[in-house]
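What follows is a single structure, and I will ask about it in a moment.
Every number in this text was worked out from the coordinates using simple rules, so none of it is lab data. Just so it is clear, the model here is predicted, and its values are computed rather than measured. When we count neighbours, we look across all protein chains shown, and the Cβ atoms used for this are built from the backbone with ideal geometry, even at glycine.
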Ligand SMILES: NC(=O)c1ccc[n+]([C@@H]2O[C@H](COP(=O)([O-])OP(=O)(O)OC[C@H]3O[C@@H](n4cnc5c(N)ncnc54)[C@H](OP(=O)(O)O)[C@@H]3O)[C@@H](O)[C@H]2O)c1
């Protein structure tokens, strides 16, 4: 697949490496411009290149949002995301590191409002980037792999993201709809930031 990533830091950069190693073509982007991504691109190698955020959206069949949630007003125009599978890996932290109080709403619902025609899947937001970097296992039973949670309303988009998760050596675990699953995946929830196998994750969700 062609995967466009917005945000090339801990989470975006780690995903770029994992997706490229799994054989996908990846475009990474940040706020400062493609030139500032030369060392990341060189360290990953072959099938990754740097783009502007607009270029990454255009390039991707799948787009990953891996930038600070508090800056979503700076995302490229909504039309570019229409019909595409968009993975929201973001969490709603303030610049000082506090969880932003959204009341009854979830951060992904706010993202969905900004790109109503995107096929949004909330995933990768509960896993610490170091666990993502080091926890990949391509051998052995799926239930013994590290879980990556995903929430979405679109079954086809969910299947696309679940397959990507499997290809990079983790196990997809569904938490429910964007609203209800998104709530389960919120910062400070029982799933958040706790490494666990798929088996342990399913026990916890039951
Ligand atoms: N760190 C984790 O373990 C972890 C785990 C799961 C989810 N997350 C979530 O993932 C997101 C990124 O976290 P991180 O730890 O990877 O942060 P990070 O290391 O600080 O990286 C943030 C990236 O976003 C880019 N960015 C900022 N504003 C942008 C904009 N307007 N347009 C395009 N790119 C922009 C930055 O580019 P510049 O440097 O050029 O500004 C940088 O590449 C957050 O929402 C966080 O909650 C983090």
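Using only Cα atoms, what is the ratio of the radius of gyration of region 1-90 to 2.2 N^0.38 Å?
It is 0.95.
Largest first, please: the extent of the C-alpha atoms of region 76-206 along each principal axis, to the nearest Å.
Largest to smallest, the principal-axis extents are 42, 32, 28 Å.
Per DSSP H run of at least 4 residues, take -39500 (n - 2.57); add these up for the chain, divide by its residues and hand me the 222 nm value, nearest 500 deg cm²/dmol.
Calculated mean residue ellipticity at 222 nm is -8500 deg cm²/dmol.
Taking the simple approach of a point 7 Å from Cα along Cα-to-Cβ for both residue 99 and residue 166, what is their distance in nm?
Here the answer is 3.2 nm between the modelled labels.
Given an 8 Å cut-off on Cα distances and at least 6 residues of separation, report the relative contact order of region 1-159 as a percent.
Taking the mean separation of contacting Cα pairs over the length of region 1-159, I get 20 percent.
First measure r as the distance between the Cβ atoms of residue 143 and residue 35, then evaluate 1/(1 + (r/R0)^6) with R0 = 41 Å and state the FRET efficiency to the nearest 0.05.
0.40
What order, most packed first, do the peptides 59-71, 3-15, 175-187, 90-102 have when packing is the mean number of other Cβ atoms within 10 Å of each residue?
Top of the packing list down: 3-15, 59-71, 175-187, 90-102.
Using only Cα atoms, locate the centre of region 147-167 and the centre of region 16-71, then give the distance between them in Å, rounded to an integer.
20
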